Amino acid sequence: MTIMTPATISRKQREIAAREQLMLDAARGILVEGGYLGLSMDRVAEATEYAKGTVYLHFASKEDLIAALTIETANIRASMFERAAAFDGLSRERMTAVGVADQLFVDLNPDHFRTEQICSMDSITEKVSAERLAAMHQAGDRCMAVMATIVKDAVAAGELKTSDAISPMQMVYGLWTMAVGHHTIRQQAADQTWLADVDLQAAVWANYHTLLDGCGWTPCLKDWDYDAVIQRINQDVFPDERAAQLNMTLTKQKPDSERDGAERDSSSDNAAAPATATGDRKYAT
């Protein structure tokens, strides 16, 4: 099978791909704004100024379009996970890099995470074409494969001992459910009074490390400076993403009247901002 790259695809294929991306971007915005019921092929056609029939040439149904959004999201996250896994460090440091990648992905792509939650509904996946559904599962599996490989590398290096109490994939599942639950609750934090005094980012990292310490994955938190590890990850693997995350945080902290100037001031702000945390919170990314 030939891998299509910008150098090998034709001009016509590039135009088709660009048109499809335009439709995906429009659909994501409509989905975030109006939810599943607010999305329609008519609205996508109107937003992109294409005929509805043209939209159907790309996507067999509204559900097929939503599945395509899920695939796009999963592939972007998986690419960041793969970069994280290549971090030059011990296996647990590499898994920490995956955690950093996941947080950066959600912070920089909040609409992607929201649409991903909508796309997970059974009523949608049941109506997706078999080809698109297979592609959706394949894209989602990429993230799990990255994490599973790191766990296996840890076992092979003697940094993690196998146990009857928890299998490598159960460990991956535990980390993944904590991450997804964390992001979901963060979206609702403003409405949850019991979270008012909880540093959510520090809390989820503490729970990650509690799981890994309990499984005997070395080096344990008490023996290692993971704040420094996160600093290296931000600097060596995700410098651009980290800078963008800091800019977003600084912009949100400014009064509305000052936000128009946030982009102009971002370069000087970044120079003074810490590389390990948003604010001074421990384990923040």
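Throughout, read-outs are computed from the coordinates displayed, never taken from laboratory work. Just so it is clear, the structure is predicted and the values come from calculations on it, not from any experiment. For neighbour counting, all protein chains shown are included, and Cβ atoms are generated from backbone atoms with ideal geometry for every residue, glycine included.
General remarks:
- When only the Cβ of Lys, Arg, Asp and Glu is charged (+1, +1, -1, -1), the dipole of the chain relative to its Cα centre reaches about 520 debye.
- Percent of C-alpha pairs per 10 Å bin in the chain, short distances first: 6, 23, 31, 26, 13, 2, 0.
- For chymotrypsin sites (Phe, Trp or Tyr not before Pro), the sites in the range 119-227 that DSSP calls loop and that have at most 16 other Cβ atoms within 10 Å are Trp224.
- Summing Lys and Arg as +1 and Asp and Glu as -1 over all other residues whose Cβ lies under 15 Å from the Cβ of Ala156 gives a net charge of +2.
- Histogram of C-alpha separations across the range 122-223, 5 Å bin width, %: 2, 10, 16, 17, 16, 14, 12, 9, 4, 1, 0
- For the range 84-140, applying the loop criterion from DSSP together with a ceiling of 15 other beta carbons within 10 Å to the GluC sites (Glu not before Pro) yields Glu126.
- Glu159/Glu126 FRET efficiency (R0 41 Å; Cβ-Cβ; nearest 0.05): 0.45
- Summing Cβ point charges (Lys, Arg +1; Asp, Glu -1) relative to the Cα centre of the range 5-68 gives a dipole of roughly 260 debye.
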